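Shown next, in structure tokens, is the structure this report addresses.
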Amino acid sequence: MNETDICDTELVVTVLEALQEEMTADLADLEGRISAVPEGIWIAPAYGSGELEELRTARTALHSGLASIREVLVWIAWITEKDPEGETSIAAQPLPTELGFPIH
């Protein structure tokens, strides 16, 4: 990877980590709002169930987004890791642009 790619990668990781922190804070706030729902709504879901379902849907979406961010951060770490000799990981090397031998 060249110097520009490393700077871009660091920027992407920084932005994803900031987004992850914000989404984690939003999830904590949402969990607080869900736990503040009166128990009667949990028992008799017909009353106020629309709001509760919206909160649950938002919680599911936040969990999904956080899982995706973690997956991308692990993928970035994997493709940018170096082997013991200091060479770029084979996964980070570009694919060849020309085939040496045609298939047909």
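Quick note: the coordinates plus some simple rules give every number you see, no bench work behind them. It should be emphasised that the depicted structure is a prediction, and the values quoted were computed from it without experimental measurement. Glycine gets a Cβ as well: all are built from the backbone with ideal geometry, and neighbour counts include every protein chain shown.
Points worth noting:
- Summing charges over neighbours of I34, with a neighbour being any other residue whose Cβ is under 9 Å away from its Cβ, gives +2 when K and R count +1 and D and E count -1.
- Charge context of L19, other residues only, Cβ under 13 angstrom, K/R +1, D/E -1: -3
- Potential extension, R56-D26 segment - 0.36 nm per residue separation minus Cα distance: 9.5 nm
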